[in-house]
Amino acid sequence: MSAPTEGRDVRAVLEGLAAVDGVRGALLVAPDGLVIASHLPSDIGVEALSALAATLGRELELRSSLPGHGPFVTARFAAETGTMIVATTAIGFVVVLADDRVEAARLDEDVQAAVGRIERSWREPALR
Amino acid sequence: MVEDMKLRRLLPPVRGRKRKPSAVAMFRDASRHRDAGRLDDALNLVLAGLSEEPTSLMGHVLAGNLYVAIREIGPARTEFEHVLAVDPHQPRALLGLARIALEENDALACRILLERALDRYPDFPEAEALLEVVQSPAPATVPFPIPPPPLVLPRRARQLLLVACDGTLQRSAPSDGDPDRTAQHVHRVNRLVTAILERAELGRLRGAMIGGVEENTLMRCDEHASLAVTFPADLPHEAGWNEVDRLWRLVGAREDAEAPHP
């Protein structure tokens, strides 16, 4: 029987991101499409979004096989009324959806901090 | 009495012997590890379960997904193919193989696999969402009523691509460096992001910045085309955006050249 350590509770990390003013939702998805944690509004179907997000994450990861390109760290996509950020971690991809009220610089910092927490917690051994 | 003593001598070793968990129990434990993100532990348990019950399709699907999760695509493909050889309509194996096909730039194979899954299981949101992405968009308009001029690679830029909304490469520089393959990558990123933004009701994609360790790709997009320029990471973003916006105007004075940068 295993139990998650405190640091492994990525749900709290995602909750923190989702609480930022202007953020519509956040998701941590494994490369196979499994949702590890999510905070999405009920009108966004999590199954479809996770499949798309995981495929996008892999596509961005695989750009390192293209000539002149290396591994991706973070991608920011600007839309007409909002922003999406995708960041990579050892266990999967962090996806944050925000409307145009969000403060871009602060969101960047928050995403980087979240990625750091996820990475650090996954290096800790699990309690067995 | 004698019988009782005989039994007592026998019982402790029986009580102490740990029963080997069943394959199903190992798969269940593996799912728990996987849900918590402990992918290696989960895969080890699934493989142990499969050594007990090698014919378990559930086990092979789990193994396939876990191999994808740890980015080992060869073994993942073997697992999914094994499942489909036994059950040609297993939806998760079809989805898994479809995603591998998409990664390998085989949109046709991806589409066929997804359609096969949806044919049997019409309520399959993951397959439906990916099928939307790989279906070729009907070119609503000619991307460039006037052919764009040749584009010169900006100073310090590594690569420049102008890709139409149907994925065809319009302009590229330099000519080496497999621009067609990179154009397909830009197209897939564009399609996937557009599908996500639509679901989140954030409007159409206008631009992107894909940050790498050594380089950044800056993109301007509209419903007709995408312009992607890759610069070394040490180039200040503003300098890169100035170049991208200048080129974006050059290829057709796109209306959003003044939109804020991502």
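The values are calculated or read from the model by the stated rules, or taken from the named source; none is laboratory data. The model shown is predicted, which means the values in this text are computed figures rather than measured ones. We place every Cβ from the backbone using ideal geometry, glycine too, and count neighbours over all the protein chains shown. Quick note on the areas: whole protein, heavy atoms, side chains included, nothing else; ligands and nucleic acids left out. Shrake-Rupley method; radii C 1.70, N 1.55, O 1.52, S 1.80 Å.
The table below gives the values:
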{"quantity": "Angle in degrees between helix B:107-120 and the longest Cα principal axis of chain B, rounded to the nearest 10", "calculated": "50"}
{"quantity": "Ranked order, B:D234, A:D99 - accessible area, probe 1.4 Å, largest first", "calculated": "B:D234, A:D99"}
{"quantity": "Linear extension gain, B:I112 paired with B:S31, 0.36 nm per residue minus alpha-carbon span", "calculated": "26.3 nm"}
{"quantity": "Over the range A:10-123, relative contact order from alpha-carbon pairs under 8 Å, at least 6 apart, %", "calculated": "29"}
{"quantity": "Net dipole in debye of the range A:10-123 [+1 Lys, Arg Cβ; -1 Asp, Glu Cβ; about Cα centre; nearest 20]", "calculated": "400"}
{"quantity": "Largest-first ordering by accessible area, 1.4 Å probe, given options B:V61, A:V35, B:V24", "calculated": "B:V24, A:V35, B:V61"}
{"quantity": "Cα gyration tensor category, rounded, prolate or oblate, for the range A:66-128 with a/c compared to 1.5", "calculated": "oblate"}
{"quantity": "For chain B, alpha-carbon Rg and Dmax in angstrom", "calculated": "26.3, 104"}
{"quantity": "Estimated buried accessible area (total), pair A and B, 1.4 Å, Å² to nearest 100", "calculated": "4900"}
{"quantity": "A:D21/A:Q112 FRET efficiency (R0 25 Å; Cβ-Cβ; nearest 0.05)", "calculated": "0.90"}
{"quantity": "Over the protein assembly as shown: helical MRE at 222 nm, DSSP H runs n ≥ 4 each giving -39500 (n - 2.57), nearest 500", "calculated": "-15500 deg cm²/dmol"}
{"quantity": "Largest-first ordering by accessible area, 1.4 Å probe, given options B:V86, A:V46", "calculated": "B:V86, A:V46"}
{"quantity": "Quotient of C-alpha Rg and 2.2 N^0.38 Å, computed over the protein assembly as shown", "calculated": "1.13"}
{"quantity": "Summed side-chain charge close to B:L114 - residues other than B:L114 whose Cβ falls under 10 Å, Lys, Arg +1, Asp, Glu -1", "calculated": "-2"}
{"quantity": "Lys, Arg +1 and Asp, Glu -1 on Cβ, resulting dipole of chain B about Cα centre, debye, nearest 20", "calculated": "1180"}
{"quantity": "Label point distance in nm, B:L47-B:F144, each placed 7 Å from Cα along Cα→Cβ", "calculated": "5.0"}
{"quantity": "Fraction of antiparallel bridges per DSSP, the protein assembly as shown only, in percent to nearest 5", "calculated": "100"}
{"quantity": "Helix axis angle, B:2-16 relative to chain B longest principal axis, alpha carbon, degrees", "calculated": "10"}
{"quantity": "Crossing angle, helix B:179-199 versus chain B [Cα axis fit, 0-90 degrees, rounded to tens]", "calculated": "70"}
{"quantity": "Volume per residue that the Cα convex hull of the range A:10-123 spans, once the total is divided by residue count, Å³", "calculated": "107"}
{"quantity": "Heavy atoms of A:R117: accessible area, 1.4 Å probe, square angstrom to 10", "calculated": "120"}
{"quantity": "Backbone N under 15 Å from the B:D180 label point (7 Å along Cα→Cβ), restricted to the range B:107-132", "calculated": "B:107"}
{"quantity": "Unit charges on C-beta of K, R, D, E only; dipole of the protein assembly as shown, Debye", "calculated": "1500"}
{"quantity": "19 Å cut-off, amide nitrogen to a point 7 angstrom out along B:D87 Cα→Cβ, residues in the range B:20-44", "calculated": "B:23-32"}
{"quantity": "Accessible area (Å², 1.4 Å probe, nearest 10) - A:S65", "calculated": "70"}
{"quantity": "Heavy-atom accessible surface of the range B:99-139: percent carbon and sulfur, 1.4 Å", "calculated": "50"}
{"quantity": "Charge-dipole axis of the range B:14-117 as Lys and Arg at +1 and Asp and Glu at -1 on Cβ define it, positive-most pick from B:A63, B:L97, B:H82", "calculated": "B:A63"}
{"quantity": "Solvent-accessible surface (1.4 angstrom probe) belonging to B:D166, in square angstrom, nearest 10", "calculated": "70"}
